[in-house]
Amino acid sequence: MPRDAFQDLLPSPRILLGPGPSMADPRVLRAMASPLLGQFDPEFTAVMDDVMELCRFAFQTANARAFPVPGTGRAGLEAAVASLVEPGERVVVGVSGRFGLLFCEIAERCGAEVVQVEAEWGRIIEPDVIARALARGQTKLVCMVHGETSTGVLQPLTEIARLTRAHDALLVVDAVVTLGGAEVATDAWGLDVVVAGTQKCLSCPSGLAPLTYNARAETALERRRRKVQSNYLDLGQLATYWSPDRFNHHTAPTAMVYGLREALYGVKVEGLKARFERHRLHGDALRAGISALGLTLFGAEPPAYRLPMITPVIVPEGVDELRVRQRLLQDFGIEIGAAFGPLQGKIWRIGTMGYSARRPNVLLCLAALEAVLRREGWCAAPGAGVEAALAYYAAAGDAALETADNLGAGGIGRY
Ligand SMILES: Cc1ncc(COP(=O)(O)O)c(C=O)c1O
């Protein structure tokens with residue numbers, strides 16, 4: 001393209017209801033447009049202090065270490081595994097979807113002996129299978145995905161955390177999709193390392209991976225000091241940058257740190273309980289509407305194992321999976337997600353995360369899906385999805401809606 005053919009960048013406004021990114025909170029975007037500060041400017045280090053304190057709040061932890069790794073969620077996962085594991089050490093990974101496989105790949109590249117503990121995609125990993133794997137050899141890490149975005153499954157962790165500790169191993173948890181949208185009780189559940197991402201329930205653009213780890217993990221990191229192959233993703237070095245020492249590591253991605261600060265502040269203002277309830281409410285309203293359209297939800301029985309913020313929907317026979325997504329995007333400006341691996345072409349994944357988890361988005365999505373599916377020959381009763389969701393909201397009552405529609409007691413933003 002000749003140079004003068006370039007034009008201003010004007011991306012279309014979209015309703016982002018895929019498995020990530022979610023829609024950014026406008027306050028986050030506003031914060032990201034603030035003037036840049038130097039990374040050792042006391043005003044900026046004060047922002048870093050806010051971020052660490054707010055990370056502790058979101059992760060529900062008193063850990064000294066709670067800060068973001070530069071890079072997307074995957075960078076945080078890689079930093080955790082690469083900084084803790086030495087070549088030849090045993091790593092047990094729970095695999096029932098794409099992100100369990102990602103843990104395996106990262107651990108393999110670190111030279112670990114990887115033991116995959118598998119469950120069918122759409123199911124949880126039972127603790128007794130992890131117990132059997134732990135009993136078969138001395139293990140350094142157990143890696144578990146809390147919210148398996150690829151299948152919509154919420155993995156219980158407390159029993160696995162207990163087993164891991166009893167075998168003197170460390171539990172590393174992928175909470176990329178759950179932090180800020182569902183309970184992630186780091187200390188109460190006994191999780192050693194927890195890694196998140198910014199672009200899902202935190203409603204910030206992708207680019208940082210908030211994480212936290214406890215004293216047990218810190219001791220293990222100490223033993224690996226200066227031995228971690230990656231300089232950029234060396235958690236020990238990153239931790240001294242995110243500490244009063246401000247050890248010079250990378251140049252802070254200032255605008256991203258502003259954005260994360262504002263995103264986490266939004267979580268605090270809304271309150272954890274209200275935020276989790278909002279995600280549950282809108283996810284459940286969507287699922288009521290999906291069922292009323294005659295569609296079937298994939299996996300996760302009983303519903304307690306269902307991720308509140310990701311709704312996996314089985315593509316009906318004779319319906320073109322890709323064409324439906326294309327029409328939703330072109331005609332309605334709505335993005336929903338496809339699937340991976342054995343589920344590719346078989347399910348859609350609809351995300352109601354962070355700023356996207358709002359009543360108008362749920363209702364628009366159901367109306368649009370009904371219209372698009374009709375063109376594919378899948379004819380639900382007109383308005384059935386929207387009506388079912390509205391009925392769900394009505395049954396939830398005014399109090400639930402009021403909490404869900406207001407961002408915090410001050411009502412400074414509406415979902
Ligand atoms: C559960 C889970 N883990 C890890 C990742 C990877 O995160 P990122 O794409 O931010 O690197 C994702 C992203 O979809 C995810 O859903």
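Structure above, values below:
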| item | result |
| --- | --- |
| Selection count where residues are in a loop (DSSP other than H, G, I, E, B), over 30 Å from G152 (Cα atoms) and either touching a helix residue (DSSP H, G or I) at 6+ places or on another chain (Cβ under 9 Å) or among the β-branched types (V, I, T) (or both), scope the stretch 1-40 | 6 |
| Matching residues, the stretch 266-304, being of a type outside the set (D, E) and at pLDDT below 95 | G299, A300, P302, P303, A304 |
| Residue, surrounded by the fewest Cβ atoms within 10 Å (Cβ to Cβ), within the stretch 136-149, restricted to residues that are within 16 Å of the ligand (Cβ to nearest atom) and not aliphatic (A, V, I, L, M) | H146 |
| Boolean, E120 is within 22 Å of A338 (Cβ to Cβ) and touching a residue at least 60 places away in the same chain (Cβ under 8 Å) | no |
| Within the stretch 161-178, tally of residues that are within 16 Å of the ligand (Cβ to nearest atom) and either among the aliphatic types (A, V, I, L, M) or out of contact with any Gly (no Cβ under 9 Å at 6 or more places or on another chain) (or both) | 6 |
| Which numbered condition A5 misses (of (1) surrounded by fewer than 23 Cβ atoms within 10 Å (Cβ to Cβ); (2) in contact (Cβ under 8 Å) with a residue 12 or more places away in the chain; (3) among the small types (G, A, S); (4) more than 30 Å from Q344 (Cα to Cα)) | (2) |
| Residue in the stretch 70-87 that is farther than 25 Å from Y232 by Cα, crowded, with 23+ Cβ neighbours inside 10 Å and touching a Gly at 6+ places or on another chain (Cβ under 6 Å) present | no |
| Cβ-Cβ under 9 Å pairs, at least 6 apart or on other chains, the stretch 252-264 side over 12 Å from A33 (Cβ atoms), far side surrounded by fewer than 23 Cβ atoms within 10 Å (Cβ to Cβ) and of a type in the set (S, T, Y) | A252/Y241 |
| Flag for A133 being over 26 Å from A274 (Cβ atoms), in a helix (DSSP H, G or I), aliphatic (A, V, I, L, M) and away from the ligand (no atom under 16 Å from the Cβ) | yes |
| Subset of the stretch 186-208 (residues that are within 11 Å of the ligand (Cβ to nearest atom) and of a type in the set (V, I, T)) | V195, T198 |
| Residue within the stretch 318-335 that is of a type in the set (D, E), closer than 22 Å to P382 by Cβ and free of Cβ contacts under 8 Å to residues at least 60 places away in the same chain present | yes |
| Pairs with Cβ under 9 Å, 6+ apart, first in the stretch 176-196 and at positive phi, second among the hydrophobic types (A, V, I, L, M, F, W, C) and within 15 Å of the ligand (Cβ to nearest atom) | G180/A196; G180/C201; G180/L202; G180/A263; G180/M353; G190/L157 |
| Single residue of G88, G100, G137 found to be within 23 Å of the chain's Cα centre (by Cα) and among the small types (G, A, S) | G100 |
| Among (1) out of contact with any Ser or Thr (no Cβ under 7 Å at 6 or more places or on another chain); (2) under 20 Å from N214 (Cβ atoms); (3) part of a helix (DSSP H, G or I) - the single one A82 does not satisfy | (1) |
| Among the residues listed as S12, S22, the single one being among the polar types (S, T, N, Q), buried (at least 21 other Cβ atoms within 10 Å of the Cβ) and in contact (Cβ under 8 Å) with a residue 40 or more places away in the chain | S22 |
| Condition check for R246: buried (at least 17 other Cβ atoms within 10 Å of the Cβ) and either over 20 Å from the mean Cα position of the chain (by Cα) or touching a residue at least 12 places away in the same chain (Cβ under 8 Å) (or both) | no |
| Qualifying residue in the stretch 288-305 (condition: surrounded by fewer than 21 Cβ atoms within 10 Å (Cβ to Cβ), within 16 Å of the chain's Cα centre (by Cα) and not in a loop (DSSP other than H, G, I, E, B)) | yes |
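The values are calculated or read from the model by the stated rules, or taken from the named source; none is laboratory data. Nothing here was measured: the structure is a model prediction, and the numbers come from that model. Heads up, the Cβs are rebuilt from the backbone with ideal geometry, glycines too, and the neighbour counts pull from every protein chain shown.
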